[in-house]
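Trainee: Quick one: this structure, given as structure tokens, is what I'll be asking you about.
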Amino acid sequence: MKKWLIPVIILAVVAIGLYSWGKGFNNTAVELKETATKSWGDVESSYQRRNDLIGNLVKTVQGAADFERTTLREVIEARAKATSTTIDASNLTEENMAQFQQAQSGLSGALSKLLVSVERYPELKANQNFLELQSQLEGTENRINVARDRFNEKVEPYNKHIKTFPNTLLAGLFNFEPMSYYKADAGSENAPDVDFEFK
């Protein structure tokens with residue numbers, strides 16, 4: 001056997017090993033990222049459903065002639081802000097996620113205020129269309145929570161894959177960035193103050 005052949009065989013084995021490692025890392029990272037990205041689409045779809053229902057709810061409430069206009073305007077403005085704040089699934093950075101969550105939280109707060117205000121309007125509380133929309137909104141809020149939890153479950157294996165050594169060496173080379181998790185709204189860890197007034 002010729003002496004120059006041994007180093008060539010060693011280099012070929014090393015090159016094949018590196019190629020297999022790089023290919024395996026890349027394909028797994030792409031698959032995990034696509035799964036997480038699809039899951040983010042489910043989150044956005046759930047929020048879109050809520051926005052559509054809120055639009056119908058606002059139209060129903062506007063029919064009550066003396067309903068509080070300020071509360072209604074707050075919901076309309078919060079909905080407009082929430083629908084205009086979107087994130088490209090390939091750019092789920094911490095900053096973009098925080099901005100998206102802030103817009104959605106603003107809409108949730110305005111919606112809660114609207115639903116509390118409705119208690120003072122018996123004609124709305126008796127309106128079958130309003131009651132149905134309210135029920136659908138409650139179901140949609142549950143869907144949103146499930147979709148956010150599933151998104152976080154899909155992000156975790158992707159982030160682990162690209163952050164563990166030696167994969168972290170290839171992550172930068174192939175431009176795989178960590179994805180941000182959907183976090184709880186600020187202050188949600190504190191129990192709400194409940195004030196029971198007996199008159």
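Trainee: So what's the net charge close to Ser90: Lys and Arg +1, Asp and Glu -1, counting the other residues with Cβ under 13 Å from its Cβ? Show your work: numbers first, answer last.
Mentor: Numbers: positive: Lys33, Lys38; negative: Glu34, Asp88, Glu177.
After counting each charged neighbour, the total is -1.
Trainee: Please report Val8, Val155, Val30 as a ranked list, fewest other C-beta atoms within 10 angstrom at the top and most at the bottom.
Mentor: Fewest-to-most ranking of Val8, Val155, Val30: Val8, Val30, Val155.
Trainee: So, one more: So for the chain, considering every pair of alpha-carbon atoms, how many percent are separated by more than 23 Å? Each step should come with its number before you reach the end.
Mentor: Numbers: 11602 of 19701 pairs.
Result: 59 percent of Cα pairs exceed 23 Å.
Trainee: Among the listed pairs Lys33/Lys81; Lys113/Lys183; Lys81/Lys163, which have their C-alpha atoms separated by more than 32 angstrom in this model?
Mentor: Values: Lys33/Lys81 28 Å; Lys113/Lys183 23 Å; Lys81/Lys163 34 Å.
Lys81/Lys163, as the Cα separations exceed 32 Å there.
Trainee: Relative contact order, percent, of the chain when contacts are C-alpha pairs under 8 Å separated by at least 6 residues?
Mentor: Relative CO of the chain lands at 31 percent.
Values in this text are rule-based calculations from the coordinates and carry no lab data. Remember, predicted model here, so these are calculated numbers, not experimental data. Positions of Cβ are generated from backbone atoms using ideal geometry, with glycine treated the same way; all protein chains shown enter the neighbour counts.
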